[in-house]
Amino acid sequence: MLAALSACAAAVALLAWPQAALAQQGGAAKPFPSQTMTIVVNGGAGSLPDIFARPLAEKLHAALGQSVVVDNRPGAGGMVALQHLKGSAADGHTLAIVTNAHMVWNPYVFPKLTYDPAKDLQPVSPVAVLPMAMVASPKAGVSTLAELVAKAKAAPGTLNYASSSNGSPPHVLFEFWRKQAGVDIVHIPYKTGPDALTATVAGDTQVYFAGTALVEPLVKDGRLKALAVSPKVDSPTFAQAPTLEQAGYPGFESAVWLGVVAPAGTPDAVVERLNQAIGQALQDEGFLKTMRANGSIALHESAAAFAQRIAQERTQWGPQLEKLGLKPQ
């Protein structure tokens with residue numbers, strides 16, 4: 001499926017597109033873009049969303065002819081970043097990087113969510129699929145997933161795991177796994193992915209479920225141990241790590257995705273222009289090389305198809321998230 005989507009994206013990127021989409025502001029047509037653009041990131045510098053936002057900003061600058069800056073606003077499961085986006089002008093000049101968590105999961109985690117992903121945010125384009133890895137600190141004293149389960153069952157509530165905030169993919173996915181495994185491992189939320197990673201490397205937390213891109217260098221040099229991946233990744237670093245499905249935990253093979261959204265009400269012509277510019281960026285060999293180096297797979301589809309993907313995931317994940325009963329900590 002990913003190969004077909006990439007091939008489709010390549011064909012679409014070759015289509016001619018007008019250099020100026022028009023946005024309606026106060027009844028007067030105005031060329032887009034007409035000012036500096038901003039990509040808001042729910043994560044600090046060096047976090048996984050930030051790793052993708054910065055080269056994307058460079059490619060959008062080249063494609064659209066306007067400067068594009070990255071605005072890091074971590075915290076509160078994405079609410080800080082997306083509340084800012086929600087209050088921005090719906091003209092395409094302010095965008096945000098999002099994951100499944102922000103668009104699908106958060107309404108089931110935060111009872112007082114400050115934005116409505118279905119009403120306040122406009123899907124623009126997916127960018128990448130992000131394989132995940134469950135890793136452990138050497139100080140945890142486990143080398144395999146089976147050893148982690150055995151240790152957790154022998155001493156319930158004594159182990160803990162890090163996440164990059166409540167409602168984040170590491171939090172939700174680990175909770176799904178924890179319920180399947182029937183273990184009591186305590187959740188320790190951090191403000192950003194790098195914070196959670198640092199804590200796990202130091203041994204302050206024992207386990208972390210994170211993007212393979214974030215943890216691969218640390219697994220390679222022995223500062224973390226890879227217990228499992230989802231889905232399988234083509235990397236020698238994770239060659240010995242089974243998928244969660246192979247380890248007996250099904251349902252994790254649908255990798256986390258990352259995409260771009262705008263404020264609701266952004267004109268269709270602007271959304272389409274942005275979608276095409278992102279598609280063109282994803283054909284750039286330099287950008288693709290960055291993605292491959294970070295263990296991720298480029299993914300592009302139309303804004304309508306992206307919106308449909310999100311709607312389908314809400315239908316799929318909603319009942320499961322309600323059963324989990326996740327709450328902010």
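Results, tabulated for the structure shown:
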{"quantity": "Pairs of Cα atoms farther than 14 Å apart, the range 77-162, %", "calculated": "72 percent"}
{"quantity": "Most fluctuating residue given options ALA264, ALA196, ALA155, as computed from a GNM of the chain linking Cα atoms under 10 Å", "calculated": "ALA155"}
{"quantity": "Per residue accessible area in Å² of the range 132-247, where ligands, DNA and RNA are left out and the probe is 1.4 Å", "calculated": "38 Å²"}
{"quantity": "Heavy-atom SASA rank of GLU147, GLU175 (probe 1.4 Å, accessible area, largest first)", "calculated": "GLU147, GLU175"}
{"quantity": "Estimated vicinal HN-Hα couplings, Hz - the range 293-300 in sequence order (Karplus 6.51, -1.76, 1.60; Gly, Pro = x)", "calculated": "5, 9, x, 10, 10, 4, 9, 9"}
{"quantity": "Per-residue HN-Hα couplings for the range 177-193 [Karplus 6.51, -1.76, 1.60; θ = phi - 60°; Hz; x = Gly/Pro]", "calculated": "5, 4, 5, 5, 6, x, 10, 9, 10, 7, 7, 10, x, 10, 7, 9, x"}
{"quantity": "Nonlocal amide H pairs with ARG223, under 5 Å, H built at 1.01 Å", "calculated": "none"}
{"quantity": "Spatial separation of Cα centroids for the range 308-329 and the range 199-237, in angstrom", "calculated": "26 Å"}
{"quantity": "The range 43-116, accessible area per residue, ligands and nucleic acids excluded (1.4 Å, Å²)", "calculated": "34 Å²"}
{"quantity": "For the chain, built as a Gaussian network whose Cα springs stay under 10 Å, the top-fluctuating residue of GLN316, GLN276, GLN206", "calculated": "GLN316"}
{"quantity": "GNM result for the chain, Cα springs below 10 Å: residue of ALA303, ALA293, ALA228 fluctuating most strongly", "calculated": "ALA293"}
{"quantity": "Percent accessible area from carbon and sulfur atoms, the chain, protein chains only, probe 1.4 Å", "calculated": "54 percent"}
{"quantity": "Inter-centroid distance (Cα atoms) of the range 108-151 relative to the range 35-50, Å", "calculated": "18 Å"}
{"quantity": "Peptides 308-315, 126-133 ordered by average Cβ neighbours within 10 Å, highest first", "calculated": "126-133, 308-315"}
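The values are calculated or read from the model by the stated rules, or taken from the named source; none is laboratory data. Here the structure is a predicted model, which is why all the values come from computation and not from measurement. Neighbour counts are summed over all protein chains in view; Cβ atoms, including those assigned to glycine, are modelled from backbone coordinates with ideal geometry. Only protein heavy atoms, including side chains, enter the accessible area calculation; ligands, DNA and RNA are left aside. Shrake-Rupley method; radii C 1.70, N 1.55, O 1.52, S 1.80 Å.
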